[in-house]
Every structure is written in structure tokens, then in C-alpha cells.
Amino acid sequence: MVHAASHFFAYVSRLRWIRRWGLMRNAIEENVATHSWEVATLAHALALIRNRHFGGQVNADRIAAAALYHDATEVITGDMPTPVKYHSKVMREAFGDIEHKAEGELLALLPEDLRADFAPYVRESKLPAEDKELIKAADRLSAWLKCQAEIRAGNSEFEPAADQIKARLDEDGLREVAYFMDVFAPSYDKPLDNLLE
């Protein structure tokens, strides 16, 4: 049986070329592929923490897989900086429409018999609310960790963003995030040799 070629993964692999934080001076470059991997690992951790410590019943593996694709549409749209994306209700709605159309275009690159299998991961609207909540928290946590790394590298331009993101994380009040901040986040400040002790 001969299968038609699909460009889906070749296209998605180009996320490595899309830079994040385009309006900021970066000491440490970050691309969407690297960010997506970090969000997936953080979302997976938050889901496991919820299940283990806070009575959750979420599917951590599904959340990790969905988090891997959470910014996949940026291969079409590029990375829209948060201040632009959320500048106004009109901008947010317009960008939401563009993201929705980009999800459809990405899914259309897949063989037809696989589209329904990938849709829950590529189409954010198809995810359960609890999954979306944890992926969003992981996305914010990743952004805060990036800001902290920039600040440690002497880049004070990220200080206001770090404060805003931390305030939002605190406002969200997710116990899983508080746990991560207490147990795991302090190690990000340590040099490599201290992590091996």
C-alpha cells in the first residue's frame, strides 16, 4: 500500500527557527521548539503533582503530548509577542481567529485518517478545561523561568516581565505551581556543580 506524502512533521520541525521574545533584547536565545519541550515537561510535572498531592485525576501523558503542540501554529503565524497579542480585545480576538485557522491548516497537512487522532492536541479548543489550565500554567512558568535566566545573565530588561508573570501565577493560585516553585524552582539558580551534589 502506497501512502501519500505528508509535510506535517517537516513543517512542525521548523519551530526551531522561530525565535521567541522578539521585542526583547535576549542574552539567551530561545526558539519555539525548545520552549514547547520545556512546557511539555513542566505540564507533565504539574499534572503528576496535582494527581499525587492534590487529589487530581488528570491524564499527565495526554497533557504532556498536548503541551508539545501548544504553540505548533506559530510555524504559520510566527511568535506574536504577548504585549501585541493582548493589546486589546480586538487584537486578541483577531489573533484567536488566525490561530484557529492555522490549526486547521496544520491538521490538513496530515493524512486524512490521522487528523482526528491529532486534533485533540493541535486544536486547543478540543482539550478538557483542566488540561488547558495546566498547560497554560506550564507556559507561564516557562516564561517566568526564562525571565529568571535572563536576569541572572545580567539582563535587567526582563525584570518587569518576570514581575508581571509571577503576579499572574500567584493570581491563578494553582497549588501545583506553588509546589513547583517551592521544590524545583530554587535549583534553577544554582550552578551546574551544585546540582550534582
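The values are calculated or read from the model by the stated rules, or taken from the named source; none is laboratory data. All figures in this text were calculated on a predicted structure; none of them were measured in a lab. Heads up, the Cβs are rebuilt from the backbone with ideal geometry, glycines too, and the neighbour counts pull from every protein chain shown. Note: areas computed on protein heavy atoms with side chains; ligands, DNA, RNA excluded. Shrake-Rupley method; radii C 1.70, N 1.55, O 1.52, S 1.80 Å.
Ala66 - would you say it is hydrophobic (A, V, I, L, M, F, W, C) and out of contact with any His (no Cβ under 9 Å at 6 or more places or on another chain)?
Criteria met by Ala66.
Which one is least open to solvent (accessible area, probe 1.4 Å) among residues in the range 1-24 that are under 15 Å from the mean Cα position of the chain (by Cα) and not hydrophobic (A, V, I, L, M, F, W, C)?
Checked the range 1-24; the qualifying residue least open to solvent (accessible area, probe 1.4 Å) is Arg20.
Counting residues that are open to solvent by less than 80 Å² (accessible area, probe 1.4 Å), which helices (runs of 4 or more DSSP H) fully inside the range 95-197 reach at least 3?
Result: 112-122, 129-152, 159-172, 175-183.
Could you grab me the full set of residues in the range 70-86 that are modelled with pLDDT under 80, open to solvent by less than 40 Å² (accessible area, probe 1.4 Å) and assigned to a helix (DSSP H, G or I)?
Lys85
In the range 25-58, how many residues are out of contact with any strand residue (DSSP E or B) (no Cβ under 9 Å at 6 or more places or on another chain), loosely packed, with under 15 Cβ neighbours inside 10 Å and in a loop (DSSP other than H, G, I, E, B)?
Adding up the residues that qualify gives 6.
Can you tell me which condition Ser13 does not meet? The list is (1) at pLDDT 95 or above; (2) of a type in the set (S, T, N, Q); (3) part of a loop (DSSP other than H, G, I, E, B), and all the others hold.
The single condition Ser13 does not satisfy is (3).
Quick one: what pairs do we get from the range 86-104, first residue without any contact (Cβ under 8 Å) to a residue 40 or more places away in the chain, second among the small types (Gly, Ala, Ser) and in a helix (DSSP H, G or I), C-beta under 9 Å, 6+ apart or different chains?
Taking only residues 6 or more apart or on different chains, the pairs are His100/Ser125; Glu103/Ala119; Glu103/Ser125.
Could you grab me the full set of residues in the range 59-69 that are open to solvent by 80 Å² or more (accessible area, probe 1.4 Å) and farther than 28 Å from Phe158 by Cα?
Residues satisfying the conditions are Asp61, Arg62.
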